[in-house]
Amino acid sequence: MVRRIGPFLFAFAIAVALIGAPRPWARGLPTIAAASDLQFALGEVAEAFTEETGRQVKLIFGSSGNFYRQIQQGAPFHMYLSADEEFVLDLAKKGFTPDRGALYAIGRIVIITPHGSPLKPDGGLKHLGAALRDGWLRKFAIANPDHAPYGRRAEEALRHAGLWDALRGKLVLGENVSQAAQFATSGSAQGGIIAHSLALSPNVSKLGTFAPIPQSWHKPLRQRMALLKGANDTARRFYGFMREPGGRAILRRHGFVLPGGTR
């Protein structure tokens with residue numbers, strides 16, 4: 001049986017870039033719905049944006065699939081950054097966005113284990129396979145593949161390694177990849193598969209060690225963003241900032257591959 005554990009604050013953290021006193025244009029701060037693998041990178045982008053423009057944005061992080069559904073139900077978001085471009089492309093077809101948006105990054109997955117875990121992180125997942133065969137692996141964390149792109153890619157990688165069927169009964173599913181990182185490093189599991197961007201962050205990297213999983217083992221994590229109908233001027237400027245050298249450099253520093261193959 002797959003175990004589902006309730007939400008943690010880590011997974012649903014809301015980062016709000018608020019610098020300086022409110023101005024008239026900020027009466028309705030644009031709300032940016034972002035995939036949880038951006039939790040640390042996008043907060044830094046928002047700070048740089050505010051320093052450059054004097055404008056503020058509100059960032060909310062969660063599952064790309066959940067945001068996709070909420071947008072169709074009328075959630076008042078101004079911009080959407082998905083970890084799976086198919087969500088954005090489908091919203092464009094349905095008229096929720098003014099265009100098809102833009103590819104902003106390619107994500108990577110890693111296996112991570114907390115300090116003290118008997119499970120060793122190796123990108124080929126050989127030690128994970130040995131732990132399953134020897135019967136001592138208890139729990140392993142991934143994001144829920146039903147709605148989290150990083151969970152789907154984790155499942156694809158585990159299937160490639162021939163481990164999915166043996167591991168299914170030991171999975172702890174995070175509502176999104178940020179929550180999966182919490183489970184994988186807090187002792188709730190002996191390890192997990194999470195986003196490279198989260199594994200690099202100081203909050204997570206101090207809790208464990210990780211190794212990249214080959215990109216050829218899963219479909220590419222093509223991450224796309226788009227403005228939503230009714231986006232205000234600040235949201236449009238933030239969208240543009242994400243595509244400028246300053247915003248791109250921050251994403252690169254947090255482990256994302258940029259469109260065109262630039263790290």
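Counting the residues of the range 47-64 that are of a type in the set (A, V, I, L, M) and either closer than 19 Å to residue 176 by Cβ or without any contact (Cβ under 8 Å) to a residue 12 or more places away in the chain (or both) gives 2. Is it true that some residue in the range 128-140 is closer than 27 Å to residue 252 by Cβ and in contact with a Ser or Thr (Cβ under 9 Å, 6 or more places away or on another chain)? No, every residue in the range 128-140 fails to be closer than 27 Å to residue 252 by Cβ and in contact with a Ser or Thr (Cβ under 9 Å, 6 or more places away or on another chain).
Scanning the range 193-207 for residues that are surrounded by fewer than 22 Cβ atoms within 10 Å (Cβ to Cβ), of a type in the set (Gly, Ala, Ser) and touching a residue at least 60 places away in the same chain (Cβ under 8 Å) gives a single hit, 201.
Count of the range 223-263 residues, restricted to those that are of a type in the set (Val, Ile, Thr) and closer than 18 Å to residue 97 by Cβ, is 1.
Yes or no, residue by residue, for (1) outside the structural domain of residue 90 (by TED's automatic domain parsing); (2) within 23 Å of residue 104 (Cβ to Cβ); (3) surrounded by fewer than 18 Cβ atoms within 10 Å (Cβ to Cβ); (4) of a type in the set (A, V, I, L, M, F, W, C):
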{"residue": "153", "(1), (2), (3), (4)": "yes, yes, no, no"}
{"residue": "157", "(1), (2), (3), (4)": "yes, yes, no, yes"}
{"residue": "187", "(1), (2), (3), (4)": "yes, no, yes, no"}
{"residue": "191", "(1), (2), (3), (4)": "yes, no, no, no"}
{"residue": "212", "(1), (2), (3), (4)": "yes, yes, yes, no"}
{"residue": "230", "(1), (2), (3), (4)": "no, yes, yes, no"}
{"residue": "242", "(1), (2), (3), (4)": "no, yes, no, yes"}
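What about residue 186, is it free of Cβ contacts under 8 Å to residues at least 12 places away in the same chain and of a type in the set (Ser, Thr, Tyr)?
Here the answer is no, as residue 186 does not meet what is asked.
Flag set for residue 219, criterion: farther than 22 Å from residue 44 by Cβ and under 16 Å from the mean Cα position of the chain (by Cα).
Number of residues in the range 22-63 that are modelled with pLDDT of 95 or more, surrounded by fewer than 22 Cβ atoms within 10 Å (Cβ to Cβ) and assigned to a helix (DSSP H, G or I): the value is 8.
Among the residues of the range 207-252, write down those that are closer than 21 Å to residue 32 by Cα and of a type in the set (D, E, K, R). Scanning the range 207-252 gives 222, 224, 229, 233, 236, 237, 243, 244, 248, 252.
Could you tell me whether residue 230 is more than 16 Å from the chain's Cα centre (by Cα), closer than 30 Å to residue 92 by Cβ and modelled with pLDDT under 95? When the stated conditions are applied, residue 230 passes them.
Just a yes or no: is a residue in the range 215-222 of a type outside the set (Ser, Thr, Tyr) and in contact with a Gly (Cβ under 6 Å, 6 or more places away or on another chain)? Yes: the range 215-222 contains one or more residues that are of a type outside the set (Ser, Thr, Tyr) and in contact with a Gly (Cβ under 6 Å, 6 or more places away or on another chain).
Out of the strands (runs of 3 or more DSSP E) lying entirely within the range 69-157, which hold 1 or more residues that are more than 16 Å from residue 193 (Cα to Cα) and either free of Cβ contacts under 8 Å to residues at least 60 places away in the same chain or among the hydroxyl-bearing types (Ser, Thr, Tyr) (or both)? Where strands (runs of 3 or more DSSP E) fall fully within the range 69-157 and carry at least 1 residues being more than 16 Å from residue 193 (Cα to Cα) and either free of Cβ contacts under 8 Å to residues at least 60 places away in the same chain or among the hydroxyl-bearing types (Ser, Thr, Tyr) (or both), they are 79-82, 102-107.
The values are calculated or read from the model by the stated rules, or taken from the named source; none is laboratory data. The structure displayed is predicted, hence computed values, not measured ones. Counting neighbours? That spans all protein chains shown, and the Cβs are built from the backbone with ideal geometry, glycine included.
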